[in-house]
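The values are calculated or read from the model by the stated rules, or taken from the named source; none is laboratory data. Remember, it's a predicted structure, so these values are computed and weren't measured experimentally. Glycine also receives a Cβ, built like all others from the backbone with ideal geometry; neighbour counts cover every protein chain displayed.
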Amino acid sequence: MTIGFGFALAVSALAGAAHAQRDPAYEAARASGQVGEQLDGYLGVVGAQSGDIRKLVSALNIKRRDAYTKNVPQGSSIEDFAFITGCNLIAKTTVGEKYQAPDGQWQTRGSAAPQRHSRCP
């Protein structure tokens, strides 16, 4: 699988899952920096958060895992597919949103492009 091909598949695979995530609780948690995009393609909890936020993240990550499992290209692993999707989701963050930088630390997106892992397409 080429990176470009995998990237395109990752984008299309998550279109439905990402849309489902746009409920008010998710939007509020994202806007307030309680959650952020991780390098592995899953949503992460930023800092110490309530049980409700942790449940929200867990439920959304179950949906993401399901989307990755259903759409992973033959010859690729779910983890690689999720990583490529994570690259795309981090790239799509907007100013003020949290994302995981290549060193694993949480960053807040500014007006510049987010820091990207060297394996990202």
Legend entry - Flag if residue 75 is on the phi > 0 side of the Ramachandran plot and at pLDDT below 95: yes
Inset, instruction - Could you tell me whether any residue of region 34-43 is out of contact with any Gly (no Cβ under 9 Å at 6 or more places or on another chain) and either more than 18 Å from residue 23 (Cα to Cα) or not in a loop (DSSP other than H, G, I, E, B) (or both)? - result: no
Inset, instruction - Could you tell me whether region 62-71 includes any residue that is out of contact with any helix residue (DSSP H, G or I) (no Cβ under 9 Å at 6 or more places or on another chain), outside any strand (DSSP E or B) and free of Cβ contacts under 8 Å to residues at least 12 places away in the same chain? - result: yes
Inset, instruction - Scan (1) at pLDDT 95 or above; (2) not in a helix (DSSP H, G or I) for the single condition residue 22 breaks and write down its number. - result: (1)
